[in-house]
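Chemist: Quick one: structure below, then a few questions.
Each value in this text was obtained by applying a stated rule to the coordinates, not by laboratory testing. Predicted, not measured: the structure shown is a model, and the values here were computed from it. All Cβ positions, glycine included, derive from the backbone under ideal geometry; neighbour counts span all protein chains shown.
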Amino acid sequence: MTLVSVATEILSILTLIGTAIIVLFVIDLFAYLIMRERLFDFLWKRIRKNAVLFAFIVSSIATLGSLFYSEIAGFTPCKLCWLQRIFMYPQSLLFLILLIKKSIKIKEVFLYSLIMSIIGALIAGIHYLYQIGVVSGIECDALGYSASCSQAFVLHYGYITIPMMSLIAFLLLIISNLLWKKN
C-alpha cells in the first residue's frame, strides 16, 4: 500500500463517520419537528460541549488532507478546489486561536465560520455534482497549472471524491456552529 492509498482510506473512513453524524443530525431534526423529541441528544450535548475542539479537528483534517493531496500526492487543485480551500483554511486557524486564547469572542468566530462553511459547502456541493455529471455548463477546464474540475483523483466506496470529503467537512462545521448557538 502506498502513502496516498493509506491516507485516502483514512480520509474516506473519516468521511463515512462524518456522513453518519450528518444523517443522525437530519434524522434527529425530523424527529424533533414531528414528535418534539430528540433521539440523539446525548451526541449533540457532547459536540455542543466541545464545539470549538470539534470544529478545530474537522477544519484541520480538511486543511491537512487537501495539502497532502496537492503537496505530497501531487494532485493539482482545480479552480473549485481553490475556492473551497479559501473558505476552509482560515477556519482551522480561527479555531486554533480560539482554543489557545480564551478572550476572543466565540460568538463572532462561530458566525464567521458559519458564513464560510455555508459558502464552502455550496461550492463543494456544486463541484461534486459537476464531477459526477449531474450538473454541466460550469466553465472549469484545466488552465495553466490547474486541473479540470471534472477530474476525480479519488473515488472511494463508489461516491467519495475530494469534493465530497470537503462537503462533509463543511456540513460538520455547520452542525457544530448550529449546536454551539444553542448553548
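Chemist: Given points 7 Å out from each Cα along the Cα-Cβ axis, report the Glu37 to Leu93 separation in nanometres with one decimal.
Modeler: Calculated label separation equals 4.7 nm.
Chemist: May I pose another question? Could you tell me how far the Cα centroid of region 68-119 sits from the Cα centroid of region 20-35, in Å?
Modeler: So the two Cα centres are separated by 26 Å.
Chemist: May I pose another question? Any chance you could run the full-extension gain for Lys45 through Glu71? It's 0.36 nm times the residue separation minus the Cα-Cα distance, nm to one decimal.
Modeler: Between Lys45 and Glu71, full extension yields 5.7 nm more.
Chemist: Rounded to the nearest 20 debye, what is the charge dipole size of the chain about its Cα centre when +1 sits on each Lys and Arg Cβ and -1 on each Asp and Glu Cβ?
Modeler: 980 debye
Chemist: Which peptide among 97-110, 6-19 comes first, and what is the full order, when sorted by highest mean count of other Cβ atoms within 10 Å?
Modeler: The peptides rank, most packed first, as 6-19, 97-110.
Chemist: Another question about this same structure. For the pair Ser103 and Leu64, how long in nm is the line joining their label points, each one 7 Å along Cα→Cβ?
Modeler: Each label point lies 7 Å from its Cα, and together they span 2.9 nm.
Chemist: Further question: With axes computed from alpha carbons, what is the tilt in degrees of helix 79-100 against the longest principal axis of the chain, rounded to the nearest 10 within 0 to 90?
Modeler: So the inclination is approximately 40 degrees.
Chemist: Here's something else I'd like to know. Would you mind classifying region 1-49 by shape? Square roots of the alpha carbon gyration tensor eigenvalues, ordered a ≥ b ≥ c; an a/c under 1.5 is rounded, otherwise it is prolate if a/b is larger than b/c and oblate if not.
Modeler: prolate
Chemist: Per DSSP helix of 4 or more residues, -39500 (n - 2.57); summed, then divided by the residues of the chain. What does that give at 222 nm, rounded to the nearest 500? Spell out each step's value before the answer.
Modeler: Working: 6 runs with 127 residues, N = 183.
So the helix-based figure for the chain works out to -24000 deg cm²/dmol.
Chemist: Using every alpha carbon pair in the chain, what percent of pairs falls into each 5 Å bin from 0 up to the bin containing the largest distance?
Modeler: 1, 8, 16, 20, 18, 15, 11, 7, 3, 1, 0
Chemist: A further question follows. Taking the Cα centre of region 37-116 as origin and charging only Cβ (+1 Lys, Arg; -1 Asp, Glu), how large is the dipole, in debye to the nearest 20?
Modeler: Roughly 340 debye for region 37-116.
Chemist: Turning to a different aspect of this structure: In the chain, if the dipole is taken from +1 on Lys/Arg beta carbons and -1 on Asp/Glu beta carbons about the Cα centre, which of Trp44, Val6, Tyr69 is farthest to the positive end?
Modeler: The residue sitting farthest along the positive end of the dipole is Trp44.
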